[in-house]
Amino acid sequence: MEMILEKYDGKLLKFKVVGEDHTVLNALREKLISYPEVEYAYYTLSHPLKNPYLLLPDNVTVSLDSETLRQEAEFVLRVKEGDPRETLKKAVEELLDEAKQFVKLVDKIYKEKAKK
């Protein structure tokens, strides 16, 4: 994954995310819009067939690597108050904590099943 800052003006943060799909981006958006200080948060994801090489006729072969197929998303976050960078950081940290809790829960389930 790669993140590229496109715009920051104190209330608005716009960045590009390369190599991710809806899985991470939608979780991040959902977390952000749950905060009262967030005015809006959204992303747009490029079409999976954005690369023109993928639209070539069947008789034309082009070697494609994983870099060629990486999707790009544009993420926009605007806050009513505070710094959008801090709000983004808070959301990412909370998502990471939730993921860690989920891993612990899964481990517990596997350990309980292994005892049986």
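Just so you know, all these numbers are worked out from the coordinates, no wet-lab data involved. These numbers come from a predicted model, not from an experiment. All Cβ positions, even for glycine, are placed from backbone atoms using ideal geometry, and neighbour counts span all protein chains on display.
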Plugging the Cβ-Cβ distance of E112 and V92 into 1/(1 + (r/R0)^6) at R0 = 22 Å yields, to the nearest 0.05, a FRET efficiency of 0.10
Mind giving me the FRET efficiency for T23 and K80? R0 is 30 Å, r the Cβ-Cβ distance, nearest 0.05 is fine.
-> 0.60
